[in-house]
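> Just dropping this structure here.
The values are calculated or read from the model by the stated rules, or taken from the named source; none is laboratory data. Since this is a predicted model, take the numbers as computed values, not measurements. Here the Cβ positions follow ideal geometry from the backbone for every residue, glycine too, while neighbour counts run over all protein chains shown.
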Amino acid sequence: MGSRPGSARSYSICFPADPAGRGTAIARVIVISGPSGSGKGTLIERLIASVPGLALSVSATTRPRRGGEEDGREYFFLSENEFRDWIAQDRFLEWAEYNGHLYGTPRAAVDRQLAAGLDVLLEIELEGAWQVHERRPEALMIFIEPPSFEELERRLRGRGTDSGEACDERLAKGREEMAAVEAEMAPGGRRRFHYVIVNDSVKRAADELACIILQAREEYEQADDR
């Protein structure tokens, strides 16, 4: 299994001419979405370790802080009133409610990273991905999915971090998201995602993700030169 591209393009060239740096970079938002349990966080960790010139956006949330988490590292932890104030002030590039909590991407931090020449990775839910596509149509859109719904359920229940009820909610949301993207990428669909990567092997999927981003970066910068 592998990616299902939104257009028929080969990504056999996977490495930039200068792997240590980017020269005069044209920075871009890169959306990486997928259901909870698809493994997108693990793939992003490997991506950042192997590809230069990337920054991971830190989201804001109203969910309670977990043990070991630090404000501004894993998330910016806000009260619901604070979060809704930020919405009213248009301080989010995107925001959505998930499992009873609010999540959003602070716009100013993303713009600072882009201005510094870094491609900014957004690890966000599907609803937020659609918002980013509307606001930043140049964004590279990638969806990560498990090889099957049964495998998604095995991963989520195997983590042991959520109650049975919370797992059921995540699974229902995951089924909904996978069906939505399937319809999105079908003939006649809007095809807002450029690529769908099936995470059936962490190493293969991580290599494919890096390959796609490096080649897309090269194409994007070449297009800007024309």
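Listed here are the residues, each with its yes/no results for (1) under 24 Å from M141 (Cα atoms); (2) among the polar types (S, T, N, Q); (3) touching a strand residue (DSSP E or B) at 6+ places or on another chain (Cβ under 6 Å).
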site: S36; (1), (2), (3): yes, yes, no
site: R46; (1), (2), (3): yes, no, no
site: P52; (1), (2), (3): yes, no, no
site: A55; (1), (2), (3): yes, no, yes
site: S59; (1), (2), (3): yes, yes, yes
site: T62; (1), (2), (3): no, yes, yes
site: D71; (1), (2), (3): no, no, yes
site: N81; (1), (2), (3): no, yes, no
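> List pairs: first in the range 187-199 and touching a residue at least 24 places away in the same chain (Cβ under 8 Å) and surrounded by fewer than 23 Cβ atoms within 10 Å (Cβ to Cβ), second of a type in the set (S, T, Y) and not in a strand (DSSP E or B), Cβ under 9 Å, 6+ apart or cross-chain?
R191/S7; H194/S7
> Next question, about the same structure. Checking D162 against (1) in a strand (DSSP E or B); (2) farther than 20 Å from V31 by Cβ: exactly one of these is not met. Which one?
(1)
> What single numbered condition from (1) in contact (Cβ under 8 Å) with a residue 40 or more places away in the chain; (2) assigned to a loop (DSSP other than H, G, I, E, B) fails to hold for G41?
(2)
> Scan the range 73-89 for residues that are in a helix (DSSP H, G or I) and either in contact (Cβ under 8 Å) with a residue 60 or more places away in the chain or of a type outside the set (S, T, N, Q) (or both) and report the count.
Of the residues in that region, 8 qualify.
> Can I ask one more? Restricted to the range 25-39, and to residues that are small (G, A, S) and at pLDDT 95 or above, which residue is farthest from G158 (Cα to Cα)?
S33
> Among the residues of the range 174-186, are any part of a loop (DSSP other than H, G, I, E, B), in contact with a Ser or Thr (Cβ under 8 Å, 6 or more places away or on another chain) and not β-branched (V, I, T)?
no
> Could you run through the range 96-136 and say how many residues are in a strand (DSSP E or B) and over 13 Å from the mean Cα position of the chain (by Cα)?
Of the residues in that region, 7 qualify.
> Please go through the range 148-169 and pick out each residue that is at pLDDT below 90, surrounded by 14 or more Cβ atoms within 10 Å (Cβ to Cβ) and not hydrophobic (A, V, I, L, M, F, W, C).
Residue satisfying the conditions is D162 alone.
> Only residues that are in a helix (DSSP H, G or I), at pLDDT 95 or above and not aliphatic (A, V, I, L, M): list them for the range 193-224, please.
Answer for the range 193-224, where residues must be in a helix (DSSP H, G or I), at pLDDT 95 or above and not aliphatic (A, V, I, L, M): K203, R204, D207, E208, C211.
> Also, quick follow-up: Among the residues of the range 200-221, which ones are in contact with a strand residue (DSSP E or B) (Cβ under 9 Å, 6 or more places away or on another chain) and crowded, with 19+ Cβ neighbours inside 10 Å?
A205, E208, L209, I212, I213, A216, R217
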